[in-house]
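**Student:** Following this message is one structure expressed as structure tokens.
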Amino acid sequence: MSGINDFIANEVKSNDVVLFMKGTPQFPQCGFSGQVVQMLDYIGVDYKGINVLADADLRQGIKDYSNWPTIPQLYIKGEFIGGCDIVREMFQAGELQSHFEEQGIAVKGAA
């Protein structure tokens with residue numbers, strides 16, 4: 001299991017924005033993953049989508065890694081942000097956009 005943890009830790013540390021999701025950014029395979037993809041695309045940040053459906057160990061491993069029971073999971077600069085509900089609340093409040101900017105991550109159409 002540590003192999004999965006190492007993989008997750010490496011992805012989270014080596015990419016500014018990582019979304020562990022069901023499906024891919026091009027083809028989300030659940031509604032919640034699709035919503036987060038839409039928000040990230042709207043903000044216009046570069047991110048890496050990792051499909052947990054491709055690997056059962058990864059699917060369970062990310063839940064253990066974050067101690068969070070659901071997918072999708074968004075990480076920004078190594079920090080676990082949350083799942084769909086938290087990301088949506090932050091997005092609607094404008095906090096997600098400002099969090100990216102505070103972390104030095106370019107967003108498109110930043111006012």
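**Student:** Kindly provide the set of residues from region 1-33 that are surrounded by 15 or more Cβ atoms within 10 Å (Cβ to Cβ) and in a helix (DSSP H, G or I), ordered by number.
**Tutor:** Passing the criteria: I4, F7, I8, E11, V12, F32, S33.
**Student:** Right, next: Looking at region 58-91, which of the residues that are in a loop (DSSP other than H, G, I, E, B) and on the phi > 0 side of the Ramachandran plot is most open to solvent (accessible area, probe 1.4 Å)?
**Tutor:** First, pick out the residues of region 58-91 that are in a loop (DSSP other than H, G, I, E, B): 67-72, 77-78, 83.
Okay, now just the ones that are also on the phi > 0 side of the Ramachandran plot, so 67, 77-78.
Numbers: N67: 135, K77: 97, G78: 39 Å².
Ranking the qualifying residues of region 58-91, first place goes to N67.
**Student:** So which of N51, N67 ends up being polar (S, T, N, Q), more than 21 Å from Q29 (Cβ to Cβ) and at pLDDT 95 or above? Don't jump to the end; show me each part of the working.
**Tutor:** Details: N51 fails: more than 21 Å from Q29 (Cβ to Cβ).
Testing whether each residue is polar (S, T, N, Q), more than 21 Å from Q29 (Cβ to Cβ) and at pLDDT 95 or above leaves just N67.
**Student:** Output the residues belonging to region 28-45 that are within 13 Å of the chain's Cα centre (by Cα) and free of Cβ contacts under 8 Å to residues at least 40 places away in the same chain.
**Tutor:** P28, G34, V37, Q38, L40, D41
**Student:** Pairs only if they're at least six apart or on different chains, beta carbon under 8 angstrom, first in region 87-109 and more than 19 Å from S33 (Cα to Cα) and charged (D, E, K, R), second open to solvent by 50 Å² or more (accessible area, probe 1.4 Å) and at pLDDT below 95; list them, first residue then second.
**Tutor:** So the pair list comes out as E101/A110.
**Student:** Look at A110 and say whether it is modelled with pLDDT under 95 and aliphatic (A, V, I, L, M).
**Tutor:** Working: modelled with pLDDT under 95: yes; aliphatic (A, V, I, L, M): yes.
Yes, satisfied.
**Student:** From the set of residues in region 43-52 that are open to solvent by less than 70 Å² (accessible area, probe 1.4 Å) and not in a strand (DSSP E or B), which is nearest to S14 (Cα to Cα)?
**Tutor:** Y47
**Student:** Determine which single condition A106 fails, assuming it passes every other condition in (1) loosely packed, with under 14 Cβ neighbours inside 10 Å; (2) more than 15 Å from V17 (Cα to Cα).
**Tutor:** So A106 meets the others, but not (2).
The values are calculated or read from the model by the stated rules, or taken from the named source; none is laboratory data. Keep in mind that this is a model prediction, so the values were computed, not measured. As a convention, Cβ positions derive from the backbone with ideal geometry for all residues, glycine included, and neighbour counts pool all protein chains shown. Remember, those area values only see protein heavy atoms, side chains included, never the ligands or the DNA or RNA. Shrake-Rupley method; radii C 1.70, N 1.55, O 1.52, S 1.80 Å.
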